[in-house]
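A.B. asks: Sharing a structure, written as structure tokens. Questions coming.
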Amino acid sequence: MKWWYAFIIIGLLGSGYWVYTYVTAPVPGQEVSDLGRAHVSFEEVEKTTYNSNPPTSGPHLETWVKAGVYDAPQSEGQLIHSLEHGYVIISYNCNVHLSENSKSQAPNLKQFSIFNFQFSKVDAHEEGEESSPSGQASGSASLNLPSEAPLRQGFEGQATESAMNETEGCKSFVKQLDELANRKRIWKLIVVPRPQLDTTIALTAWGYIDTFDPPAGGFDNKRITRFIDYHRDHGPEKTME
């Protein structure tokens, strides 16, 4: 029976090594100074200067964006609130570096402002109420904002029009993000275009960011997955969603 002891010892050593490498591995992304968690008005969000692009903390709205893969940009103030709940957000601008051909075909998306997109009334911190996904107007917002931003995935029965990503290279890239999000489960996870992003991808969690351009013709699945696994559901406010 001595060989059983050998197996047990090997198993314990292997488990110990795995725990050691996990604990000592560098935290995915770059830490960003915390700008606080104040709930403010839409106008205050618009006036705030955040310390990263996209923001990872700071003043935000009392409403938040629900989990899903979106075809159009979402409200800055709502996205920050989602981070507070422990969401991970994958922001992308696939027209930045995918190809010169894609750039020449793409519209000038830099002219858009993230503050000008529709947000929904999803009351924060109130139990017992059904929340609506962002992009569905369910409250009494009086702002003169563009039409609703449809979801690509994440909620049944949603329209699936693409508002921004028209080039073939971009469509292929977004499809890969869509598939990754569904493999990882669309829970406290948002995929959203961000036209003012100056890299192809930005991964954000509360207080952390990782921005990069995937290798030419590639897709850095491992990097994105590790960020999600490490940071998801680790926001300063624990919520049951």
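The values are calculated or read from the model by the stated rules, or taken from the named source; none is laboratory data. Since the model is a prediction, treat every value here as computed from it, not as a measurement. Backbone-built Cβ (ideal geometry, glycine too); neighbour counts: all protein chains shown.
A.B. asks: Is it true that Lys171 is modelled with pLDDT under 95, in a helix (DSSP H, G or I) and of a type in the set (Lys, Arg)?
C.D. replies: Details: modelled with pLDDT under 95: yes; in a helix (DSSP H, G or I): yes; of a type in the set (Lys, Arg): yes.
Taking the combined requirement at face value, the residue satisfies it.
One line per residue, one yes/no per condition, for (1) in contact with a Cys (Cβ under 8 Å, 6 or more places away or on another chain); (2) buried (at least 23 other Cβ atoms within 10 Å of the Cβ); (3) modelled with pLDDT of 95 or more:
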{"position": "Arg37", "(1), (2), (3)": "no, no, yes"}
{"position": "Glu43", "(1), (2), (3)": "no, no, yes"}
{"position": "Ser52", "(1), (2), (3)": "no, no, yes"}
{"position": "Pro55", "(1), (2), (3)": "no, yes, yes"}
{"position": "Lys66", "(1), (2), (3)": "no, yes, yes"}
{"position": "Val96", "(1), (2), (3)": "no, no, no"}
{"position": "Glu100", "(1), (2), (3)": "no, no, no"}
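A.B. asks: On to the next question. Considering segment 207-241 alone, what residues qualify as being more than 27 Å from Ser172 (Cβ to Cβ), out of contact with any His (no Cβ under 7 Å at 6 or more places or on another chain) and among the small types (Gly, Ala, Ser)?
C.D. replies: Gly207
A.B. asks: Let me ask you something else. So which of Asn144, Asn182, Asn116 is modelled with pLDDT under 50 and within 19 Å of the chain's Cα centre (by Cα)?
C.D. replies: Asn116
A.B. asks: Give segment 64-93 a look and list any residue that's touching a helix residue (DSSP H, G or I) at 6+ places or on another chain (Cβ under 6 Å) and of a type in the set (D, E, K, R), or say none.
C.D. replies: Glu76
A.B. asks: Can you name the residue in segment 191-231 that is basic (Lys, Arg) and over 16 Å from Val96 (Cα atoms) and is also surrounded by the fewest Cβ atoms within 10 Å (Cβ to Cβ) among such residues? Reasoning before the result, please.
C.D. replies: Quick first cut of segment 191-231, residues basic (Lys, Arg) only: 194, 222-223, 226.
Pick out the ones that are also over 16 Å from Val96 (Cα atoms) and you get 222-223, 226.
Details: Lys222: 8, Arg223: 16, Arg226: 16.
Applying the filter and picking the extreme gives Lys222.
A.B. asks: Check segment 211-228 and report whether any residue there is part of a strand (DSSP E or B) and either among the aromatic types (Phe, Trp, Tyr) or touching a strand residue (DSSP E or B) at 6+ places or on another chain (Cβ under 6 Å) (or both).
C.D. replies: yes
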